[in-house]
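What follows is a single structure, written as structure tokens, with notes after it.
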Amino acid sequence: MSKKSELPSGVYGITSRDFGISHEQSAVYLLKAGIKIIQYREKNLSTRMMYHEAIRIKQLCRQYGALFIVNDRLDIALGVDADGVHVGQDDMPIEIVKKFFGHKIIGVSVSNEDELIIAQNNGADYVGAGAVYPTSTKQDSTFMGLDTLSKIAKISRVPVYAIGGITIDRLAELKNLHIHGVAVISAILNTPDPEHTARQFINIWNQN
């Protein structure tokens, strides 16, 4: 897939090995459920191990026709020729990322309107806005709430994915804010049947 591919709306799946399963198995659950954009998110493994994992997950994404995004690590994204890279406020500045990866998808984490404006003015293709609710996945994050998310969604020129504390029972109120989608980790992967849960997320999001 090229950068010209439309960013899929709905559920944005993020892999994790925090719940007793591997990144690769996480991706399998998410992809089999029908999620069309997957982010590989790893903070602690060696670069070589990350490279090999990213290669395998990219192959799975190709098999299922999904976009493959690498979190934080521009070098890994370049090394495996990922569809995109997602950077946070403390990662490589987007203007540097664009020099090396400008032909691909670049996502940026934002937590307020000022960060959104900077990100989109510097060429972000989408933003991940959060944490919307308190979340155990990223314990050092502060949550911004629905009011800030609503303001971001109204002024954004690029797709907005909400992230942070997203659960099934919160999908309706989030969708009402006219965001592009929701990024989910623990509410899917930390369940007895992640594939089934992911399908539930998709089905509820797609309800009118």
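The values are calculated or read from the model by the stated rules, or taken from the named source; none is laboratory data. Bear in mind the structure is a predicted one, so any value in this text is a computation, not a measurement. As a convention, Cβ positions derive from the backbone with ideal geometry for all residues, glycine included, and neighbour counts pool all protein chains shown.
Tabulated values for the structure
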{"item": "Any hit, region 134-152, residues being in contact with a helix residue (DSSP H, G or I) (Cβ under 6 Å, 6 or more places away or on another chain), among the hydrophobic types (A, V, I, L, M, F, W, C) and assigned to a loop (DSSP other than H, G, I, E, B)", "result": "no"}
{"item": "Subset of region 1-22 that is at pLDDT 95 or above and of a type in the set (A, V, I, L, M, F, W, C) - its residue that is surrounded by the fewest Cβ atoms within 10 Å (Cβ to Cβ)", "result": "F19"}
{"item": "In region 23-36, residue nearest to N206 (Cα to Cα) [restricted to those that are surrounded by fewer than 21 Cβ atoms within 10 Å (Cβ to Cβ) and either β-branched (V, I, T) or without any contact (Cβ under 8 Å) to a residue 12 or more places away in the chain (or both)]", "result": "V28"}
{"item": "Close pairs from region 56-83: first under 15 Å from I14 (Cβ atoms) and touching a residue at least 12 places away in the same chain (Cβ under 8 Å), partner basic (K, R) and surrounded by 15 or more Cβ atoms within 10 Å (Cβ to Cβ), Cβ under 6 Å, at least 6 apart", "result": "A66/K36; F68/K58; N71/R41"}
{"item": "Residue in region 91-112 that is touching a residue at least 60 places away in the same chain (Cβ under 8 Å), assigned to a strand (DSSP E or B), under 18 Å from I76 (Cβ atoms) and of a type in the set (A, V, I, L, M, F, W, C) present", "result": "yes"}
{"item": "Test: residue in region 57-78 that is part of a loop (DSSP other than H, G, I, E, B), out of contact with any His (no Cβ under 9 Å at 6 or more places or on another chain), surrounded by fewer than 15 Cβ atoms within 10 Å (Cβ to Cβ) and at pLDDT below 95", "result": "no"}
{"item": "Qualifying residue in region 157-170 (condition: in contact (Cβ under 8 Å) with a residue 24 or more places away in the chain and surrounded by fewer than 12 Cβ atoms within 10 Å (Cβ to Cβ))", "result": "yes"}
{"item": "Answer from G165, G128 - the residue that is in a loop (DSSP other than H, G, I, E, B), in contact with a strand residue (DSSP E or B) (Cβ under 9 Å, 6 or more places away or on another chain) and closer than 21 Å to S16 by Cβ", "result": "G165"}
{"item": "Any hit, region 139-150, residues being out of contact with any His (no Cβ under 7 Å at 6 or more places or on another chain), hydroxyl-bearing (S, T, Y), closer than 28 Å to E24 by Cβ and surrounded by fewer than 19 Cβ atoms within 10 Å (Cβ to Cβ)", "result": "yes"}
{"item": "Odd one out for N203 among (1) assigned to a helix (DSSP H, G or I); (2) touching a residue at least 24 places away in the same chain (Cβ under 8 Å)", "result": "(2)"}
{"item": "Answer residue from region 32-60, given it is under 14 Å from the mean Cα position of the chain (by Cα) and of a type outside the set (K, R) and is farthest from V80 (Cα to Cα) among those", "result": "I35"}
{"item": "Residues of region 168-200 classified as within 22 Å of A153 (Cα to Cα), over 15 Å from the mean Cα position of the chain (by Cα) and part of a loop (DSSP other than H, G, I, E, B), total", "result": "3"}
{"item": "Residue match in region 18-37 (condition: at negative phi, in a loop (DSSP other than H, G, I, E, B) and of a type in the set (K, R))", "result": "yes"}
{"item": "Meets criteria (among the charged types (D, E, K, R) and surrounded by 14 or more Cβ atoms within 10 Å (Cβ to Cβ)) for D90", "result": "no"}
